[in-house]
Amino acid sequence: MSTHLTFAVPSKGRLMEQTAEFLAASGVTLRKVGPERGYRGEIEGFGNIDVAFISASEIVGALNSGRAHIGVTGEDLVRENIVNVDERVELVKPLGFGHADVVVAVPACWIDVNEVADLEAAAAVFRREHGRLFRVATKYINITRRFLSRHGLADYRIVESLGATEGTPAAGTADLIVDITSTGATLVANGLRVLNDGVILKSEANLVLSKVADWSDAAKAAGNDLFTRLGLPNRV
Amino acid sequence: MAGAQPANFEALEAQARTLLAIFIASGYEAVAPDIIQPAGVFLDVVGETLRGRTYVFTDLNGEEMCLRPDLTVPTCRLYLARHPQADREAFYSYNGPAFRFQPVGANASHPREFRQAGIEAFGGEDACEADARTLVLILRALQQAGLSKWRLQTGDVGLFDALLDDANMPERWRRRLRDHFWRPDALHAELKRLSTEPARSAAAFPRSLIDALDPEDPAGAENLVAAYLDEQGIELIGARTAAEIAEGLLGIAADAKAPPLKPETAALIESYVGTHLPAAEVAPALRRFAGSAGAGFARAIDAYERRLKLLADSGVDVASMEFSAEFGRNVGYYTGFVFEVIAETLGAESPVAGGGRYDSLLKAVGAPRNVSAVGAAIHTERLLAVVRGAKA
């Protein structure tokens, strides 16, 4: 049984800084312990909380497995990497940073395709002309599949893309993409356009609670103390 | 769930020998298609919905492979490897593992690894006869393995296709309705849209360009699209051509001018989709409400009736067979007769066997044309569980 609560915090970049700022606004101070480049930390005045600095995508895994009790990570990563989100975690509070929209974008020259519903006709002709399905490049495989299936599109195939997704239509390795965008400038620069109803998810960083972690009395008490300090209702 | 227990393993092996012996004795050659398959075949052919259920991985050469989610596509590929022209009749049987991701967790009736014993028949000329033969043989094998009671759930995707083919509407509307068939809400919404306001929000499309396009002049339309893109400073990127974009715009223009789908046609399609009847009552009922729907639908009903008679003549209890028009659309490749064998102890969510006709699958996998094909597979672990339960 855990006597401590594990709080997973992004280990680098803007996301880590903004998480620290969010906590600091409530007078909560994160501190690394051990060597300068270490990945463990603590919160001043909360002896029962262990801070684990890990990457935002690994935080989702830690919450889903219960290795972390709470964590800060993007809603996009939560929705992509956990199958039954509501059973595994709770999105406690959107934090107002780490904004990114997950969108469907097509080549701007597809002037006959404005909405997701228009893709079906284009896909049928494409299959006739090229003998294959549309390829959708994305790293959001599950989000994409759920979204397109909800719109009744079946004639497509996902190709997993782990970087430079916006370049895949011009390079010919995919026909359209699902990717995150904040300003849309990268999409435009790559000759792409977001479909009118193509915003799948308006994501931002969230404080996320694991429902499957070992919520011992000590962990509950530590969690409630922290939530009270952050001005959030007690959850556990 | 742990893998098969030793006792189970022996029993499954014995059961498999029983099933295969029957298939082989009926002229179905035993084959062993590859377990690891190129993922592209499944994903390009069956579509992305199956990917959610398939273990896909990248091998060290960077090629996308998968553990076969069923044995039908692998058996099609084996047939085409032997007969690239798909010009021979062939009958295959198999018994081997298939793998499926279970999104809400694996359990005894929905394992991630299970063994299928089944048959596939390619190239037959008499579809009704081949359909009936497939179901009869599967039932005989199930019976031989110890299954004494079951329920038969059937459908016929060909009836829906024939109904649409007869209905007066543009081909692209038919395609849309076919795409939506498996989702009742979406089909209903689409029928309503087509029968009231079929024009897509044309305001969003370049009006002047659409007006300039001539449906009778595809080459001219392609040039106009290319010129429009040029003038707007939009680069043509990707595999889709200006000709395809022009065709898309022409479709939008045609939708804007098309008279709506007749309400009686929409109503006919709705009432067909809502059909749930004992299999023996289907043909008279469809004839009654279809009235003079069309010659193709009438022929499809005749074929349905003939197949039912062939089944009855072979001793299948057609009186207790059920028919549901919606049944069978959840697997994208079925094109005709579809069926599931359900044991009461496991329920309709876990059929012990299932199969159907899939005439367009071989072409999608590489055959030069559509090839008549029908097959079925037994979920052997479920069969064993039911048979053992019955004995206990």
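We did not get these values from a lab; they are worked out from the coordinates using the rules stated. Computed from a predicted structure; not experimentally measured. Reconstructed Cβ throughout: ideal geometry from the backbone, glycine too, with neighbour counts over all protein chains shown.
When the helix-only estimate is applied to chain A (DSSP H runs of n ≥ 4, each -39,500 (n - 2.57), divided by the residue count), what is the mean residue ellipticity at 222 nm, nearest 500 deg cm²/dmol? Don't skip to the end; give the middle numbers.
Details: 9 runs with 77 residues, N = 236.
Taking each H run of at least 4 residues, the total per residue is -9000 deg cm²/dmol.
Partner chain Cβ atoms within 10 Å, averaged over the residues of B:169-182 - can you pull that number for me?
2
Neighbour counts of other C-beta atoms within 10 Å: give me A:Val92, B:Val352, A:Val103 arranged from fewest to most.
Listing A:Val92, B:Val352, A:Val103 from fewest to most nearby Cβ atoms yields A:Val92, A:Val103, B:Val352.
As I understand it, the value is the acute angle between the Cα axis of helix A:217-229 and the longest principal axis of the Cα atoms of chain A; what does it come to in degrees, rounded to 10?
Tilt of helix A:217-229: around 80 degrees.
Taking square-rooted eigenvalues a ≥ b ≥ c of the alpha carbon gyration tensor, is segment A:100-203 rounded, prolate or oblate, where a/c under 1.5 means rounded and, failing that, a/b exceeding b/c means prolate?
It is rounded, given that a/c, with a ≥ b ≥ c, falls under 1.5.
Among A:His69, A:Gly98, A:Val116, flag the residue with its Cα farthest along the positive direction of the charge dipole of segment A:44-123, charges on Cβ as +1 for Lys/Arg and -1 for Asp/Glu.
A:His69
Looking at chain B, identify the longest residue range that excludes and avoids all GluC sites (Glu not before Pro) in DSSP loops having at most 14 other Cβ atoms within 10 Å.
Maximal segment without exposed cleavage sites: B:236-343.
Select from B:Gln15, B:Gln102, B:Gln232 the residue whose mean-square fluctuation is largest in a Gaussian network model of chain B (Cα-Cα springs shorter than 10 Å).
B:Gln232
Within segment B:142-192, report the trypsin sites (Lys or Arg not before Pro) that DSSP leaves as loop and that have at most 11 other Cβ atoms within 10 Å.
Taking segment B:142-192 and a limit of 11 other Cβ atoms within 10 Å, the loop trypsin sites (Lys or Arg not before Pro) found are B:Lys149.
Report, for chain A, the % of DSSP beta bridges that are antiparallel, rounded to 5.
Beta bridges within chain A, antiparallel portion: roughly 65 percent.
Over segment A:100-203, what is the relative contact order in percent, taking alpha-carbon pairs closer than 8 angstrom and at least six residues apart? Let's see the in-between values first.
On the way: 180 pairs, mean separation 51.2, N = 104.
Once divided by the residue count of segment A:100-203, the mean separation gives 49 percent.
For a footprinting-style exposure proxy, rank B:Leu277, B:Leu164 by other Cβ within 10 Å, fewest first.
With the sparsest Cβ surroundings first, the list reads B:Leu277, B:Leu164.
Tell me, what is the percent relative contact order of chain A, built from C-alpha pairs under 8 Å that lie six or more residues apart? Present the calculation step by step, with values, prior to reporting the outcome.
Working: 462 pairs, mean separation 69.7, N = 236.
It comes to 30 percent, rounded to a whole number.
Which whole-Hz ³J(HN,Hα) couplings does segment B:363-378 yield from phi under the Karplus relation 6.51 cos²θ - 1.76 cosθ + 1.60, θ = phi - 60°, glycine and proline marked x?
4, 5, 8, x, 5, x, 7, 5, 10, 4, 8, 8, x, 7, 9, 9
222 nm [θ] for chain B, helices only, -39500 (n - 2.57) per DSSP H run of 4+, per residue, to 500? Display every interim value, and only then the final one.
On the way: 16 runs with 187 residues, N = 392.
After summing the helix terms and dividing by residue count, I get -14500 deg cm²/dmol.
Filter the GluC sites (Glu not before Pro) in segment A:1-70 to those in DSSP coil with at most 15 other Cβ atoms within 10 Å of their Cβ, and list the result.
Listed in order of number, the matching sites are A:Glu36, A:Glu44.
Within a 10 angstrom radius of the beta carbon, how do A:Phe227, A:Phe97 rank from fewest other beta carbons to most?
Starting with the residue having the fewest Cβ neighbours, the order is A:Phe97, A:Phe227.
So for each of A:67-75, B:364-372 I average, over its residues, the number of other beta carbons within 10 Å; can you give me the resulting order with the highest mean first? Don't skip to the end; give the middle numbers.
Working: A:67-75: 25.9, B:364-372: 17.9.
Per-residue mean Cβ counts within 10 Å order the peptides as A:67-75, B:364-372.
Remind me, relative contact order of segment B:202-257 in percent, using alpha carbon pairs under 8 angstrom and six or more residues apart?
42 percent
Mind checking which lysines have their Cα closer than 25 Å to the Cα of B:Lys309? Skip sequence neighbours fewer than 8 apart in that chain.
B:Lys149
Can you classify segment B:27-116 as rounded, prolate or oblate using the Cα gyration tensor, where a ≥ b ≥ c are the square roots of its eigenvalues, rounded means a/c under 1.5, and otherwise it's prolate if a/b beats b/c and oblate if not?
oblate
Averaged over its residues, how many other protein chain Cβ atoms are within 10 Å of peptide A:171-177's Cβ atoms?
Other-chain Cβ atoms within 10 Å of each residue's Cβ, averaged: 2.
If you place +1 on the Cβ of every Lys and Arg, -1 on the Cβ of every Asp and Glu, and leave all else neutral, what size is the dipole of segment A:100-203 about its Cα centre, to the nearest 20 Debye?
320 debye
If you put +1 on each Lys and Arg Cβ and -1 on each Asp and Glu Cβ, how big is the dipole of the protein assembly as shown around its Cα centre, in Debye rounded to 20?
Dipole about the Cα centre, nearest 20: 1500 debye.
Cα gyration tensor of the protein assembly as shown, axes a ≥ b ≥ c as square roots of the eigenvalues: rounded (a/c below 1.5), prolate (a/b > b/c) or oblate? Display every interim value, and only then the final one.
On the way: a/c = 2.09, a/b = 1.27, b/c = 1.65.
Verdict is oblate for the protein assembly as shown.
As I understand it, the value is the acute angle between the Cα axis of helix A:141-150 and the longest principal axis of the Cα atoms of chain A; what does it come to in degrees, rounded to 10?
Rounded to the nearest ten degrees, it is 60.
Would you tell me the mean number of C-beta atoms belonging to other protein chains that fall within 10 Å of each C-beta in A:81-92, as a whole number?
That average works out to 1.
With respect to the cross-link table entries A:Lys93/A:Lys220; A:Lys93/A:Lys202; B:Lys192/B:Lys257; A:Lys12/A:Lys202, which display a Cα-Cα separation exceeding 20 Å?
A:Lys12/A:Lys202
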